[in-house]
Structure formats: C-alpha cells, structure tokens
Protein chains: 2
Amino acid sequence: MGDVETAVRSTLRAGEADAPRNSEVAYFGPDKPLKLDAGVELSPFQIAYKTYGTLNADRSNAVLICHALTGDQHAASPNPVTGKPGWWVTMVGPGKPIDTERYFVICSNVIGSCMGSTGPASTNPKTGEPWGLDFPVITIRDMVRAQAMLLDALNIETLFAVAGGSMGGMQVLQWAASFPKRVFCALPLACATRHSAQNIAFHEVGRQAVMADPEWHHGRYVVEGTEPRRGLAVARMAAHITYLSDAALHRKFGRKFQDRDKPTFSFDADFEVESYLRHQGSSFVERFDANSYLYLTRAMDYFDLAADHGGAVANAFRGLDTRFCVVSFTSDWLFPTSESRNIVHALNASGGRVSFAEIVTDKGHDAFLLDEPELFAITRGFLDGAAKMRGLNNGG
Amino acid sequence: MGDVETAVRSTLRAGEADAPRNSEVAYFGPDKPLKLDAGVELSPFQIAYKTYGTLNADRSNAVLICHALTGDQHAASPNPVTGKPGWWVTMVGPGKPIDTERYFVICSNVIGSCMGSTGPASTNPKTGEPWGLDFPVITIRDMVRAQAMLLDALNIETLFAVAGGSMGGMQVLQWAASFPKRVFCALPLACATRHSAQNIAFHEVGRQAVMADPEWHHGRYVVEGTEPRRGLAVARMAAHITYLSDAALHRKFGRKFQDRDKPTFSFDADFEVESYLRHQGSSFVERFDANSYLYLTRAMDYFDLAADHGGAVANAFRGLDTRFCVVSFTSDWLFPTSESRNIVHALNASGGRVSFAEIVTDKGHDAFLLDEPELFAITRGFLDGAAKMRGLNNGG
C-alpha cells in the first residue's frame, strides 16, 4: 500500500474516535457518568453502535453482539475505515444464524476502543487533545456497565440474547453476572472466566512492543504527530499467531516460499507465512489505535470472574435463569476447550442451564469468526429453542 | 540492574565476539575456508569451544554437545559474561549423564553466534568493523560443517556421541546426515527435521521486533554507538513464552499480582508473569547480540532435512549405522512429540537404529535444559549401552 493511501486511512481511522461514520452515537452527559472499577468516573462519554433488524412491539427481541479485542460495532455492515464487510456477516444478517429478520441486533463499540465509543483516542474535553494515557484503565465489567446504560437509553430492559467470542465472550459472561435479570439467553464462544498466565504473557509482549516504539511517545503520539506503527504491527503479528492453529498455518502456508523456489539467504520474507504475517501487522495499524490496544488487552488480562465473586465462578452465576450455550473449538489454544468446560462446570455447580459444544476444526481461536457450519447450526438451534421459550414468533 | 552494570556487561559481551574468555579458539585461515550453503565462502573464520574431560588414547570417547539458539560453548563451566553456571551442568560433568570422567566433551559456539565463533558481531577483517548484515546467511548444515572442521583440527575422526536439544537437536540430525561415518550414536532432544510454519512465524515476529527498533540501524548499531535493546527484549519475551508451557506458567505464576493484592489499574507489571517476562527480555539483551539473533533464527527456519534429500527425511538417514535416542517432552508445543515421531518414522523407514522416549513433564520445550530425572536416566542408559558396544571401558 502506498504512503498516501496509508496516510488517508490513518486520518480516516483517527476521525472515527470522536465522529464515527455509519454509526449511531449515544451521548451520556455529566448527569450520567460511567462508574469504573478503577474507582473513578468517566464523564461525559459516548457509545457508538449499530443496529440491524427491527425491535418488536414488546421490546423483547433484542440481541446484543459483543465484539472481540480489535472488533467494532460494524458486525454486519461494511467497516467505514477498511471498506471490508462487517466482521460477523457469517453469523448476523437476514436469514443468518442470528437472524435480523427475527431479532433486533445491537452491536456497540466497547469503551476504550477507537471506533467511536470513548477511549484513549477520543478527545479529552478537558484538554482538547486525545486522552492518551490519561484515559482511565477499564475492565470488562466497565464495558458491560456502559452497554447496560446504552440499553437504558434505548429503553430496552431485557436482552433476548447476548453473544460474542473471545473478549466478546468475556462480556457475555459478565453480562450474566452483572445483570442476571436482563439476559434471557447467552452465547459465550471461545472464551474463559479469566485470562490465563500465558495469555497475559502474550498481551504483555504486545504492549511492550508498542511502548518500545519511540514513536509511541508515552501515548502522546497524536500530539507529537507520530504513530507507533512498527511496534503495533509487531504486537499484532505476535497476537495473530495465537489466533490461528499450528495445523491451520501448516495447511495454509507450510514451508512454501514466497514467489520463488529457493531461499534467498537474506532477511526478506522468504516464506509465505512471513509475508502473510507482515501484511497482518501493517494492515492492522491502518485500522486500530495503539493506545486502545494497550487498554483493551489490559481489560482482558484483568478479567477474573472468580476473583470478583469470592473465589468461585459458580458464585457469579448463582440463581441465574439465563440459558447458556457454551462453544469451544478443538484447535483453539488461546482459549482451549478446558476453559469452556470450566464455564460449564461453574454453571452446573450453580444450578444453571447450559448446553456445551466443542467444534472440531483446525482453524484455531479465530474459528468463531469464520465459516464454521457447525457453529451456525448450533447457534440457530439454540436461539430457535430459546425464542420459543421466550414466546417470540417468527416475525420477531 | 543499574545502567553502569548494563553498560559493563554489554561491553564484556561485545568483547567475546572476537576474543572469547575462558575458551579455546580454533582459527581457520585463508587456506581453510568454510563453504556455505549460500554459495559463498567464509574465510578466515574462527570457532570458540570448550572441552571437558580427557580424550582417550584411541581418540574414541569424544562427545560433541550442540547448543540451542541462544546457547554457547560454556555448557559445563561458568558463562564469562553472566557469571552463571554453564547452561547444561545438569547433564554434563563428572558423574553426570554425559560423564566427563568417561567422555571427552567438546562444545563449540556455532558459526553466526556471538560468543567467539565468527558471526555478525565479529570484526570483518576487510573493514575493521563488525560484519553486521554483511555476514552471509548461514544454515544448520553450515554450523555442522564448521564443527567437522574443528574436529579435524583436533584430530578427532569419529564422535562417540553427538547430543543437543532444540537447534542443538537439529545439528545432531544434520551431523548424522552430513557425516554418517563420524557419529557412533546421536541424542536429538526436543527438535524436528524441519521448522514448522508456526515456528517460522514466531521467529519472524522476533526479527521484526529487532528490525523495528530504530537503534538497530540496519544492523550497524555498533558503528552507530547504539543497541536495539528494546526490540531484542521484545523478541526474547515472545520467544520465551514458546519455551514454556501454559501449565508451567500457570503453576509458576497463575494470575498472582506482583508485590500487591489488587490491580493497579495501570500499565505497570501488575502480574508476576509480566515482570518475569520483562526480566527475561532485559537480561537477554545483556548477553546476546541482536544480529546474531536474526542469523540463528533464520538458520533454524531454513532447516529442512527432507527438502535437502529429495523430499524424504528417510533419504537423509539411509545406510546409517548411527544409533539414535530421540527424546520429546509432553508439554513442548514448540517441538511437539509428533515432530520427534517423524524423526523416528524416518529412521525406521531407512532401516536405522532408534529408541524413542516421550517424557511426561509440564515444563515445556525448555525441559531439556532443566532438572528432568527421566531425561538423565535415559541419557545415561543410552550412552552406557552405546559405550559398551563401542568398547569404551569405564575409564574412557
């Protein structure tokens, strides 16, 4: 990609933080602060969101989609920065497993992100400059609190369903724990009740890569007119490996050379997997803010449902009426099936209602975003059954 | 560690490249060039090495130890830069599994490294400056060719054994393939016949982290008076995660906070695993050269015994008399047991002699460097049996 295109995209992306295109924005003024786990209040703040489908008369068919680390509100419509289709068009849309002809789908950008909900890239009204590291550190619980305020603003008391994978799945679990009466059914995919030491370690590598970049300027890169592109690209490259599986990398690339038969005996991208990774790194920088990356990885690291509930996850779910469908993927080594089993065991221990599926795939953690017919069938079946119980007819 | 100590160590380490302390050095002049796979000759060059024990009268008790990516010749004696014990004192020494009272142990720094064998940190005689990126890209086969020249210089025709783990294990396999008549028995540990796509990907992240550091200066950091410390530290952090297992990280650190009970809601090293990783990164920079890191990771990426032998690893081993003992570790996800099984299958297919052990441990890839009693017992038993066949008596 040329330097001009890069500059244009960076500018487009930076603009999203305050004025997101193709999105609705809910503004929460000084009378409605967001109370954060860090012990401070964020005020004023805004939430950027998208909706798909139609809310029914008794406001009972709302489905909240929670996005993953670098996702956004554009689940089922084109991303205004990249122009690419929404990140979950496989799952969300007319006739899709999360059927927008039946359900009113809401997807909001999480607090701390950079696509229009308040985060470190947003303008701090006190200074007129981006928040940067003055933005308070947030948690998954804070994200969910903000989403609940959005639902209040939309006058939606109860969600028919809340669904998401990875960091989105953490939010799903937190929704059930924080607002048990507001969630009829829940679909946490490829996630865990707490971030493992290995996952914290990978996140820390990414943060160190960003912070090692002299263009980061302690988070003040916008003011300094720079951007920690290389550090953020390295962070993304490391993370991207964890989203795939060894088998998927082997199937896609193996040891194939890039546009040649033999090694170059140099540090060029000799292997296809190298140029693929470099592309993943550089294209990510076009669409994501480096400070948001720090904040959101931190939020995932802090997530620990057991610690928040007297040491046992089951306490988080006690007395819950929410129906759960927990899904894991065999080749996901970032959130392996054992983590999903822990969710199931906790729900069993608390007397919850849960079904569980482990889907056989070599696609790794990212399987929840990809074409996985078994995931689609399970989601459709689970939502159909829950909709019947909820008394939602086919028309919504 | 203070800045002064850091500077002292960096200077000490830089000195090792040309004039390694506590090491022997074999010098190969213009009449003895090293013919490299890249199609060029390296000349002159030197190999730094250590020996332990005594060579017997018929020169039949030599054991070559091959070190891993960031190892060196100081297998069983203190490292002159760090002052720490040798990296394989658990395995090598008087009465140890590789018993220096019986065997004459040789351990040489590989070509391309930075501890006294010629590599990118060494002075290029043509310029009087460090080679940097003018150093030719090398392969595992080149390392082994250089080791064979060292044995010639020591007037040792045949090795009783060659042993090593990880990149060292690759050299062990290459020894059997390149010099089948010179190796009586071979101990490749925690290795593979080729580097996987995922492993290449992790190496590429490390290289990109180094090269993204502006202090790297296209490899000319010594001349520029800088050092890509932060980039190399990030590379090491990412790699270090792959050397451990999820279970080991969980056992050692879990989600324990560093010197406190609660999160700081900041980007400080809140979790113990974070400060551990940061320490791994910063201490590595004290003892290793960034360009060497690029060259040696590249050599591992290029390693592919099958590609070198008409597409089948078995071809590399055909007609071999060498006895093999292949060892893997259950929790090693960098070189999983399936890779060791491939070695065994190839040896079986070529009619070779091989025993195989998979050791149950949660210590991950690094298990071959750690206190693993089963590894010690297997190594001792294998070498004892081979020594009997070789007619080595207890005195060597």
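Coordinate-derived values only; no laboratory data. All of these numbers come straight from a predicted model, not from anything done at the bench. We place every Cβ from the backbone using ideal geometry, glycine too, and count neighbours over all the protein chains shown.
Among B:296, B:42, B:187, the largest mean-square fluctuation in a Gaussian network model of chain B (Cα springs under 10 Å) belongs to B:42.
Each of B:87, A:88 was scored by other Cβ atoms within 10 Å of its Cβ. Arranged with the fewest first, they read B:87, A:88.
Here the 3J(HN,Hα) profile of the stretch B:373-385, calculated from phi with Karplus coefficients 6.51, -1.76 and 1.60 at θ = phi - 60°, is x, 5, 4, 5, 5, 5, 4, 4, x, 5, 5, 4, x Hz, Gly and Pro shown as x. For the residues of A:210-220, the average number of beta carbons from a partner chain within 10 Å of their own beta carbon is 3.
How big is D, in µm² s⁻¹, for chain A by Stokes-Einstein at 10 °C and 1.306 mPa s if Rh is the Kirkwood radius over C-alpha pairs? Intermediate results must be reported in sequence, preceding the final value.
Working: Rh = 21.5 Å.
It comes out at roughly 74 µm²/s.
Taking every DSSP helix (H) stretch of at least 4 residues in the protein assembly as shown, weighting each as -39,500 (n - 2.57) and dividing the sum by the residue count yields a mean residue ellipticity at 222 nm of -11500 deg cm²/dmol. Fewest-first ordering of B:117, B:331, A:292 by other beta carbons within 10 Å of each residue's beta carbon gives B:331, A:292, B:117.
Projected onto its three principal axes, the C-alpha set of the protein assembly as shown covers 95, 51, 50 Å, listed from the longest axis down.
Hydrodynamic analysis of the stretch B:349-394 uses the Kirkwood radius over alpha carbon pairs. Inserted into Stokes-Einstein at 4 °C and 1.567 mPa s, it gives a translational diffusion coefficient of 103 µm²/s.
Loop only per DSSP, at most 14 neighbouring Cβ atoms within 10 Å: give me the trypsin sites (Lys or Arg not before Pro) in the stretch A:89-141, ordered by residue number. Could you put the intermediate results ahead of the total?
Numbers: sites: A:102, A:126, A:141; in loops: A:102, A:126.
Listed in order of number, the matching sites are A:126.
Note on residue B:4 and residue B:25: the model spin-label points, each 7 Å out from Cα along the C-beta direction, lie 2.9 nm apart.
Across the stretch B:301-308, computed HN-Hα scalar couplings (Karplus, 6.51 cos²θ - 1.76 cosθ + 1.60, θ = phi - 60°) run 4, 6, 5, 7, 4, 5, 4, 6 Hz from first to last residue, x flagging Gly and Pro.
Backbone geometry of the stretch B:215-232 corresponds, through the Karplus equation with coefficients 6.51, -1.76 and 1.60 at θ = phi - 60°, to 3J(HN,Hα) couplings of 6, 6, 6, 6, x, 9, 5, 5, 4, 7, x, 10, 7, x, 4, 5, x, 5 Hz, x marking Gly and Pro. Partner lysines whose Cα lies under 30 Å from the Cα of residue A:262, excluding those fewer than 8 positions away in the same chain, are identified as A:252, A:363, B:32, B:35, B:126, B:181.
Inverting the mean 1/r over all pairs of different Cα atoms, compute the Kirkwood radius of the stretch B:25-156 and quote it in Å. Don't jump to the answer; show the numbers that get you there.
On the way: mean 1/r = 0.0648 Å⁻¹.
About 15.4 Å, per the Kirkwood formula over Cα pairs.
Measuring how big the stretch A:200-296 is from its alpha-carbon positions, Rg and Dmax come out at 15.2, 46 Å.
Mind sorting A:107, B:325 by how few other Cβ atoms lie within 10 Å of their own Cβ, fewest first?
Details: A:107 30, B:325 23.
The order, fewest Cβ neighbours first, is B:325, A:107.
The trypsin sites (Lys or Arg not before Pro) found in the stretch B:1-64 that occupy coil by DSSP, while having at most 16 further C-beta atoms within 10 Å, are B:21, B:59.
Taking the Cβ of residue B:79 as the centre, find all other residues whose Cβ is under 9 Å away and add up their charges (Lys, Arg: +1; Asp, Glu: -1).
On the way: positive: B:84, B:287; negative: B:72.
Combined, the nearby Lys, Arg, Asp and Glu give +1.
Across the identical copies, the 7 Å label point of residue A:134, projected outward along Cα→Cβ, sits 5.1 nm from its counterparts, in ascending order.
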